[in-house]
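Can you read through this structure? Questions will come right after.
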Amino acid sequence: TVVTLLILFIVFRPTPSAFAADGTISDSLCGRRHMMPGASDVECTEACVKAGAKYVLVSENTIYTLDGDLNSVKPYAGKQVHIAGKLNGSSITIASISGK
């Protein structure tokens, strides 16, 4: 029945889990490799985000979309960071971010 399905969804739905990772702050347009000729990684990331891209964390072979307080990410654009937060699929809701 619908009620049974609803109860199963509530009990077994995926929930965000605690997560921490090291990597580089980039943008969703460029990902691992910045493509703006003559621009540094920092400049490219800032320009792409200003044009509508999202901040991402490139960590080893995985790219995570970043959510939460994105103002805390801006100073780290194009730089190595350590991020802690909640992982939900391929998205991290930031609890803390620090430079490496």
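The values are calculated or read from the model by the stated rules, or taken from the named source; none is laboratory data. Keep in mind the model is a prediction, meaning the values are calculated, not measured. All Cβ positions, even for glycine, are placed from backbone atoms using ideal geometry, and neighbour counts span all protein chains on display. Accessible surface areas use protein heavy atoms only, side chains included; no ligands, DNA or RNA. Shrake-Rupley method; radii C 1.70, N 1.55, O 1.52, S 1.80 Å.
Every residue in segment 25-44 that is on the phi < 0 side of the Ramachandran plot and part of a loop (DSSP other than H, G, I, E, B), please. So that I can check it myself, show each step before the final result.
Kept after step one, since they are on the phi < 0 side of the Ramachandran plot, are these residues of segment 25-44: 25-30, 32-37, 39-44.
Residues satisfying the conditions are Ser28, Leu29, Cys30, Arg32, Arg33, His34, Met35, Met36, Pro37, Ala39, Ser40.
Any residue in segment 45-68 that is open to solvent by less than 70 Å² (accessible area, probe 1.4 Å), modelled with pLDDT under 95 and assigned to a helix (DSSP H, G or I)?
No.
Please go through segment 83-100 and give me each residue that is assigned to a strand (DSSP E or B) and touching a His at 6+ places or on another chain (Cβ under 9 Å), ordered by number. Reasoning before the result, please.
Of all residues in segment 83-100, those assigned to a strand (DSSP E or B) come to 83-88, 91-99.
Within segment 83-100, Ser96, Ile97, Ser98, Gly99 meet the criteria.
Given the conditions (1) open to solvent by less than 70 Å² (accessible area, probe 1.4 Å); (2) at pLDDT below 95; (3) of a type in the set (S, T, N, Q), and given that Ser28 satisfies all but one, which numbered condition is not satisfied?
The failed condition is (2).
Could you give every pair whose Cβ atoms fall below 7 Å, whose first residue belongs to segment 45-58 and is in contact (Cβ under 8 Å) with a residue 24 or more places away in the chain and farther than 13 Å from Leu70 by Cβ, and whose second residue is open to solvent by less than 20 Å² (accessible area, probe 1.4 Å) and of a type in the set (Ser, Thr, Tyr), counting only separations of at least 6 or pairs across chains?
That search, which allows pairs on different chains as well, returns Val58/Ser26.
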